[in-house]
Each structure stands twice: as C-alpha cells, then as structure tokens.
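What follows is calculated from the coordinates using simple rules that are stated; it is not laboratory data. Being a predicted model, the structure only gives us computed values, none of them experimental. Don't worry about glycine lacking a Cβ; one is built from the backbone with ideal geometry, like all the others, and counts go over all protein chains shown.
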Amino acid sequence: MSTNNVNSGSGSGGAVTTGGAQMGAAAPRGLRQEVSQLIAGIQAVIPDGSSVTIGGLAMAKADLVNELSQISAVYQAIDAGVLAAKGARSRLKSGFSGFHKTYVGIKDAMIAFLGRGNPQLAQLGIKASTGSKPLTPAQTVVKAEKAKKTRALRHTMGKVQKAAVQYTGALEVAVKETVPAATANDTAPAAAPPAAAEAQDTVVAKSTPAETPVTTSHTQ
C-alpha cells in the first residue's frame, strides 16, 4: 500500500525527503529513526488488509502507517523550517547593506516631504527634530563657568593658555663629549734614538766643571 515514503516539497523549492529523512541532511536518529524503521518494517512484514490490535482496538495496516507518518511529518516540517531560516539569514547577510541603504533613502525622503519638525514623523518611527532651545544670558554665564571649572579639574588648557606657559628660570646644562680612542692607523710620535740620548748625556757630563783640590802651604 502506498505511504508517504517519498514526499516532495512545494514548488517554491522545498526539500525532498525519502523515508522521513531529508535528502542531503544528516541521517535520522533517536525517535525519528525508530519511527522510520518501524514504518519500513510494517510495510515489509504486515500483509496488506491485515489488522493489528492496539489497546483493545483493531487497526489496519494503512492506519498504523498513517499514525507513524504523522510523527515523521513533524520532523520534516522542522527540517523545512531550519532550511528556510538558513536561506533567509543568508539573504539578509548578503543584502543587508542594500536593505539599509533603501531604508535610509526612504526615511530621508519622508523627512524632506513632511518637514524635519513635523510631529507626524513619530508615526513613521522617526523622531522629529525640535532644535536646541536658546539659553538665557544667565544660563550662558553658568555654562561657561562650569566649563572653566571642569577644565581646571581635568588640568586641560587651550592654545592661548599653553602659549603663555614657558620656562623662564636659570638653566644649567652639562655637555659630556667622548673622544674616540686612537686607532692602529694613527701615527704616534717617534721616540729618540738610544745613541742620541747617550751622546746628550756625555755632553752634559762634560759641561759640568770638575772640582779642584785646594792646597794650603804653611811657612815656618
């Protein structure tokens, strides 16, 4: 007897399922798998036209298959919903920038048509612009004083205040210069030859006057 072992999706691209399992999807498991196996077993084992007593009631083979097929249909509906949601998310992700651009364009057109301050913009979900309320002279003074005290607490200054702050005290600077060490290529002053030194010593020795002994004669 024919059952719903093959169900085609709608013409809008619905998924095709075979034996309660969606083509291309993961194999069924749990209760879904057990129901699918039971349907296939009844179709193969129970003769057509036979009936089975369940809870005191006799049920034909076709009724048994129909009851179990309704359970499988719930799982198939879930599969279809999951696929539809995935497809919608994919379309949203790829077209989000275009969707937002369309929204902003229409929104700006509505504001231009009705006027920026028109209270009817609230019906479109757009907040009407009321403009800033002018301050009284007293409120202006209070605002300026609050800003001044706030800048003092934050230790912030403007360009004019920064330009007025300059160092004017005494200044003492120590500069340390490092002289590079002499290299092997540098020419050192030549030492005096040993012979010249000996000659100089000899000359000096000759120029020193010799001591003459003094002789004293006594006459009697």
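Within the straight-line cut-off of under 30 Å between alpha carbons, the lysines reachable from K86 are K101, K107, sequence neighbours fewer than 8 places apart in one chain being disregarded. Taking label points 7 Å from Cα along the Cα-to-Cβ direction, V165 and T178 give a separation of 3.5 nm. According to the calculation over all Cα-Cα pairs in segment 48-124, the P(r) per 5 Å bin from zero is 3, 12, 10, 9, 8, 8, 7, 7, 6, 6, 5, 5, 5, 5, 3, 1 %. Listed by chain and number, the lysines placed with their C-alpha closer than 22 angstrom to that of K149 are K159, K162; residues fewer than eight positions away on the same chain are left out. Each of H100 and A128 was given a label point 7 Å from its Cα along the Cα-to-Cβ line. The distance between the two points is 2.9 nm.
Assuming R0 = 41 Å, what is the FRET efficiency of V141 and N118, from their Cβ-Cβ distance, to the nearest 0.05? Using R0 = 41 Å, I get an efficiency of 0.75. For A80 and S50, what does the FRET efficiency come to when R0 = 30 Å and r is the distance between their Cβ atoms, rounded to the nearest 0.05? With R0 = 30 Å, the Cβ-Cβ based efficiency is 0.35.
If R0 equals 41 Å, the separation of the Cβ atoms of A88 and L153 corresponds to a calculated FRET efficiency of about 0.20. The trypsin sites (Lys or Arg not before Pro) of segment 109-182 that DSSP puts in a loop, and whose beta carbon has at most 14 other beta carbons within 10 Å, are R116, K127, K176.
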